[in-house]
1. Give me the pairs: first residue in segment 167-178 and under 22 Å from Val18 (Cβ atoms), second residue part of a helix (DSSP H, G or I) and aromatic (Phe, Trp, Tyr), beta-carbon distance under 8 Å, and six or more apart or on different chains, which are they?
2. Does at least one position in segment 5-25 carry a residue that is at pLDDT 85 or above, under 17 Å from the mean Cα position of the chain (by Cα), within 12 Å of Ala169 (Cα to Cα) and buried (at least 22 other Cβ atoms within 10 Å of the Cβ)?
3. Which residues, taken from segment 58-77, are in a helix (DSSP H, G or I) and either modelled with pLDDT of 80 or more or of a type in the set (Gly, Ala, Ser) (or both)?
4. For segment 80-98, what are the residues that are modelled with pLDDT under 75 and surrounded by 13 or more Cβ atoms within 10 Å (Cβ to Cβ)?
5. Considering Leu43, Leu52, which residue is modelled with pLDDT of 85 or more, under 12 Å from the mean Cα position of the chain (by Cα) and crowded, with 19+ Cβ neighbours inside 10 Å?
6. Hey, can you tell me all the residues within segment 155-176 that are touching a helix residue (DSSP H, G or I) at 6+ places or on another chain (Cβ under 6 Å) and either within 27 Å of Ile59 (Cα to Cα) or in a helix (DSSP H, G or I) (or both)?
Amino acid sequence: MIDSSAVAAVFSVYVAGVVMPGPNFVAVAHRAASGARAESLALVAGIVMVNLFWASCAILGIGFVFAVFPWLAALVRVAGAAYLVWFGLRLIAASGAPGQPRAGAAAGSAGLRPAFLHGVATNLANPKSIAFYAAVFSSAAPAHVSPATFFAMLATVGVTAACWYGFVALVLSHDAIASMYRRAKRRVDRVCGALIVALGIRQFMR
């Protein structure tokens, strides 16, 4: 039987955290404005998949491993920070390149796979996610959840993440916003790159 109060508690805590801007938001926003809409949605799919992975880890108590082996948590944090800094610097370096014509709402499968993998990598590079999910489920979920409640919680996380990041992707991939991006590509890419670098440095310093 589903514990509806626990699922509602998870939703209320999770939705407050997922809407806060972070590496995922910046990645979706940039891809939506600069690429095809299908690519931004593929990136969202990658983010949602990893969100479900982190949530499963938290529910199953795997976050306990980081508490027992702090060196492992530090290693993951540094590796994730390095990826974010690398990606941000790459974005800044490419900001001066001329913009490519936008592919519109559709994209070839060749562009969907890299976008999906980018979403996966961006979320995996943020080990703060496992700490966030551990906090969410330790405060909102019962100590022992039934299989039905477990899957209801995962569905809540997946649907909420898909709706929020999908909304961001659809809005920012609108032709008018994409046109504004092309006119201000250099500045936007530099700002997005700087934000991602800053997030990586902040993660490294923690």
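1. As it stands, the answer is Val168/Phe25, since those pairs meet every condition given.
2. There is at least one residue in segment 5-25 that is at pLDDT 85 or above, under 17 Å from the mean Cα position of the chain (by Cα), within 12 Å of Ala169 (Cα to Cα) and buried (at least 22 other Cβ atoms within 10 Å of the Cβ).
3. Here is the first cut: in segment 58-77, the ones in a helix (DSSP H, G or I) are 58-59, 63-68, 70-77.
Scanning segment 58-77 gives Ala58, Gly63, Ala67, Ala73, Ala74.
4. Result: Gly80, Ser95.
5. The match here is Leu43.
6. Thr156, Val157, Gly158, Thr160, Ala161, Ala162, Trp164, Tyr165, Gly166, Val168, Ala169, Leu172
The values are calculated or read from the model by the stated rules, or taken from the named source; none is laboratory data. Predicted model only: the values in this text are computed from it and were never measured. For neighbour counting, all protein chains shown are included, and Cβ atoms are generated from backbone atoms with ideal geometry for every residue, glycine included.
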